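Here is the structure we will look at.
The values are calculated or read from the model by the stated rules, or taken from the named source; none is laboratory data. Quick caveat, the model's predicted, so the values are computed rather than measured. Note that we place each Cβ from the backbone using ideal geometry, even for glycine, and neighbour counts take in every protein chain shown.
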Amino acid sequence: MAVEKMKIVGVIGKNSLLSRVLRLVVLNGSMHVINALVRVNSSDFFLPPSEKNIEALEELPFLKPYSSKRDFSHDEEVVTSLLNLFGITPRVKLEHLGQDYDYDEFIKKLSDIHEKVRSKDNEIKERMRSIEKKREYIESLRYLAKYGFDMGRLTGMKYLAFRLLKITRENYDKLKKNYENIPAVVIKVAAEGKYVIVASITPVSLEETVEKIFSSLNHTLLPLPEGCPGTASSVIEDLTKSIDEDQKAIDALKTSLEDYRVKFAEEFEKGFSRLEMEKKVEELKTELAVGDRLFFMFGFVPTSSVPDLKNALESQFREDIIVLVDDINGGGPGITPPTKLSNSKLFRPFETLVKMYGTPAYNEKDPTVFFGLTYMLLFGAMFGDVGQGLVLLLAGLFLELVAKRTGLGGVLSRIGLSSTVFGFIYGSVFGSEEIIPPLVVRPMANINFMLVAAVVFGIVLIMGGYIYNIVNSRLEGNIEEGLFGRNGVAGLAFYMTLLYTASRAALAGSGVSPALVFTMAGLLLLMVFKQPLTARLTHSDKLYKGSPADYYIEEGFGVIETLLSMVSNTISFIRVGAFALNHVGLYVAFATMGEMMGSAWEDVVILVIGNIIIIGLEGLIVFIQALRLEYYELFTRYFRGDGVEYLPARLKYIPRASGKMNFFRNFRISREIGTHIFAAL
């Protein structure tokens, strides 16, 4: 329920150790790297003078950003080619990154293997193309097998051109009718289905003219081998033997490649893992500062992770590096502390929805728990149904525990549970209100109560938003917004006074008390004069941060906006009751359609289809409407969302797991689903 506290960790070491240090930082996965020059030049940076720090102190005035940028295109080509060739899934594995290795030497070894493998692969492809071409030749030659002429002499004529063509029977009939117009000898060789195979002998000088004629007949030119003496039958035999020889060569090459796969498969996997690591290392180098001998690196690390990172660095590099750990005393451009949310498992999935609006600032109170509770209540109140809620719950548990979609699945399971609870409150099961009695109220039988309760619920949530903003302002030391702002103490007091005045006038029928009018007017004046009042309280030299005229014009419109938003935001919550009524109304519509069908099974089919539509369509609409209430009616009062998300330098890796471990993991998942279902029921 809080934002995890951070420390600024600095690492100073010899340039020769840079890649090794960065690999360790990435493997540790806890440092949010920031620009080293910005940190070194910040007002709160201090490097204690000591014998160990003398060299670093000497380099401080001459630091410059890391400039060289390595090109990994060749490395990517090598690794990707090898993985594709051997059908290996590209995955980053931790066991391939833990060793201390020389990347350049490793990638050179991999490149040498790639050259040999590519040569064999190219030869295989070339021989396969040759086999394909020879099979085409055989397919063409079989039409000429019954003739005894020499194919070498036939295809090698100097003044005449021999061609074998395939045309449709329809076009062949056209050809026969125009024999006298064709400057070639055309002979029908074979008929095959709807096609006719013809041979043509044409003078070379007239070949272009004949080509135009045949093109109009939509012909297919059948390939024939050149320079192959002997009859068509003997050429077919020679080509068949040649194909067998090519196939044997391909089998031998594939065996050789399989030997490479068996011998070097792990090296190929290492190649992908180490390439991804080096790309990440190169990316981090852009944030570093370097001198002639030393590099400087800084980043934010969660307080709980600092000891592990510090111990890992010092145990591996000992006296060759300096590790600095500083508290966060200030901020500035480029060194704003990132936000790492730390919530219980129940509310963690709602972090995704919070981040859709914005990331909480480091010194801002995390709204995830308040958001999660209110969102579940809003969704359940608008979509209260035992059966449909259980469907959402089961779908969410499947996505969360089996499909590992923890964000969507987690939210779906929790709002499904809330929907189930409100289903018991409303006495609704798959839309029907006749199966179980309500614990509290039936929406359609108490319409006015539902609408009024929705508005009251909204008032409570809006007040919670005011209190949240006051707490945030107190944490930030923002007196202006916390005390006099429209969402601060003055705004909350005005809202409560306005509600009291409106309710008294509506319920008691009495007029508005002058004291209440003066109180509200005074609170509005406090909001208008918040800036000069804050300046007086803090003994500031300037009453206004900008032009007084601009300030009062802006605050004048701000008062009007405050009045309108207080009323509109409160009334907006009436949609909670309206959707609860709409939910019942939709079921009634489908139930009526089912009764009109005339048979029991058709009635059941309509109700099933109706429930599917209600769960899918109305569920999505309610999901969006609840999100809208959170974002526009509540977040605008207390949540800025202008923080920097905590993005540590790390790689996503696949841990090694045995089949036995996978079995127990699946058993555990099944047991967890059963436990969740039992708990929900």
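Looking only at residues in the stretch 239-269 that are of a type in the set (Asp, Glu) and surrounded by 15 or more Cβ atoms within 10 Å (Cβ to Cβ), which one is modelled with the highest pLDDT? Of everything passing the filter in the stretch 239-269, Asp246 is modelled with the highest pLDDT.
For every residue, the table says whether it meets (1) in the same structural domain as Arg169 (by TED's automatic domain parsing); (2) assigned to a strand (DSSP E or B); (3) farther than 11 Å from Arg163 by Cα; (4) of a type outside the set (A, V, I, L, M).
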{"residue": "Ala190", "(1), (2), (3), (4)": "yes, yes, yes, no"}
{"residue": "Ser200", "(1), (2), (3), (4)": "yes, yes, no, yes"}
{"residue": "Ser205", "(1), (2), (3), (4)": "yes, no, yes, yes"}
{"residue": "Glu208", "(1), (2), (3), (4)": "yes, no, yes, yes"}
{"residue": "Asn218", "(1), (2), (3), (4)": "yes, no, yes, yes"}
{"residue": "Leu221", "(1), (2), (3), (4)": "yes, yes, no, no"}
{"residue": "Gly230", "(1), (2), (3), (4)": "yes, no, yes, yes"}
{"residue": "Ser234", "(1), (2), (3), (4)": "yes, no, yes, yes"}
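Scanning the stretch 348-390 for residues that are buried (at least 20 other Cβ atoms within 10 Å of the Cβ) and among the β-branched types (Val, Ile, Thr) returns Val354, Thr359, Thr368, Thr374, Val386.
Restricting the stretch 625-673 to residues that are modelled with pLDDT of 50 or more and of a type in the set (Lys, Arg) leaves a set whose member that is surrounded by the most Cβ atoms within 10 Å (Cβ to Cβ) is Arg637. Apart from one condition, Asn53 fits all of (1) in contact with a Leu (Cβ under 9 Å, 6 or more places away or on another chain); (2) exposed (fewer than 15 other Cβ atoms within 10 Å of the Cβ); the exception is (2).
Listed here are the residues, each with its yes/no results for (1) part of a helix (DSSP H, G or I); (2) free of Cβ contacts under 8 Å to residues at least 40 places away in the same chain.
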| site | (1), (2) |
| --- | --- |
| Leu82 | yes, no |
| Glu95 | yes, no |
| Asp100 | no, no |
| Asp104 | yes, yes |
| Ile113 | yes, no |
| Arg118 | yes, yes |
| Leu144 | no, no |
| Phe149 | no, no |
| Gly152 | yes, no |
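When the helices (runs of 4 or more DSSP H) confined to the stretch 1-70 are screened for residues that are at pLDDT 85 or above and over 21 Å from Arg293 (Cβ atoms), those reaching at least 2 such residues are found at 18-28.
Any residue that is closer than 29 Å to Asp246 by Cβ and modelled with pLDDT of 90 or more - is there at least one of those in the stretch 165-179? Yes, because at least one residue in the stretch 165-179 is closer than 29 Å to Asp246 by Cβ and modelled with pLDDT of 90 or more. Of the residues in the stretch 132-142, at least one is within 24 Å of Asp238 (Cβ to Cβ), modelled with pLDDT of 90 or more, of a type in the set (D, E, K, R) and buried (at least 18 other Cβ atoms within 10 Å of the Cβ).
Gly87 falls short of the stated requirement of being crowded, with 16+ Cβ neighbours inside 10 Å, of a type in the set (Gly, Ala, Ser) and more than 17 Å from Arg650 (Cα to Cα). Inspect the stretch 168-179 for any residue being outside any helix (DSSP H, G or I), surrounded by 15 or more Cβ atoms within 10 Å (Cβ to Cβ) and not aromatic (Phe, Trp, Tyr) and give the result as yes or no. Yes, the conditions are met somewhere in the stretch 168-179. Residues in the stretch 432-441 that are surrounded by fewer than 17 Cβ atoms within 10 Å (Cβ to Cβ) and of a type outside the set (Val, Ile, Thr) were compared, and the one that is farthest from Ala591 (Cα to Cα) is Leu439.
Considering the stretch 292-319, and only residues there that are charged (D, E, K, R) and not in a helix (DSSP H, G or I), the residue that is farthest from Pro65 (Cα to Cα) turns out to be Arg293. Residues being under 60 Å from the mean Cα position of the chain (by Cα) and over 21 Å from Gly230 (Cα atoms) are represented in the stretch 179-192 by at least one member.
Which residue is surrounded by the most Cβ atoms within 10 Å (Cβ to Cβ), if the candidates are limited to the stretch 298-316 and must be within 15 Å of Leu27 (Cα to Cα) and hydrophobic (A, V, I, L, M, F, W, C)? The extreme case among them is Val301.
Apart from one condition, Ala252 fits all of (1) outside the structural domain of Ile167 (by TED's automatic domain parsing); (2) more than 18 Å from Glu132 (Cα to Cα); (3) of a type in the set (Gly, Ala, Ser); (4) touching a residue at least 12 places away in the same chain (Cβ under 8 Å); the exception is (4). When you scan the stretch 337-352, do you find a residue that is touching a Leu at 6+ places or on another chain (Cβ under 9 Å), closer than 24 Å to Asp100 by Cβ and either in the same structural domain as Ser42 (by TED's automatic domain parsing) or of a type in the set (Asp, Glu) (or both), even just one? The answer is no, given that none of the residues of the stretch 337-352 is touching a Leu at 6+ places or on another chain (Cβ under 9 Å), closer than 24 Å to Asp100 by Cβ and either in the same structural domain as Ser42 (by TED's automatic domain parsing) or of a type in the set (Asp, Glu) (or both). When Met128 is tested against (1) without any contact (Cβ under 8 Å) to a residue 24 or more places away in the chain; (2) not basic (Lys, Arg); (3) not assigned by TED's automatic domain parsing to the domain that holds Pro225, exactly one condition is not met: (1). Can you find, within the stretch 454-473, the residue that is modelled with the lowest pLDDT among those that are buried (at least 19 other Cβ atoms within 10 Å of the Cβ) and more than 15 Å from Ala493 (Cβ to Cβ)? Ranking the candidates gives Asn472 first.
Leu412: touching a residue at least 24 places away in the same chain (Cβ under 8 Å) and of a type in the set (A, V, I, L, M), yes or no? When the stated conditions are applied, Leu412 does not pass them. Scanning the stretch 187-197 for residues that are free of Cβ contacts under 8 Å to residues at least 40 places away in the same chain and either surrounded by fewer than 18 Cβ atoms within 10 Å (Cβ to Cβ) or out of contact with any helix residue (DSSP H, G or I) (no Cβ under 7 Å at 6 or more places or on another chain) (or both) returns Ile187, Lys188, Ala191, Glu192, Gly193, Lys194, Tyr195. Is there a residue being part of a helix (DSSP H, G or I), more than 30 Å from Asp366 (Cβ to Cβ) and small (Gly, Ala, Ser) anywhere in the stretch 504-514? Within the stretch 504-514, one or more residues are part of a helix (DSSP H, G or I), more than 30 Å from Asp366 (Cβ to Cβ) and small (Gly, Ala, Ser).
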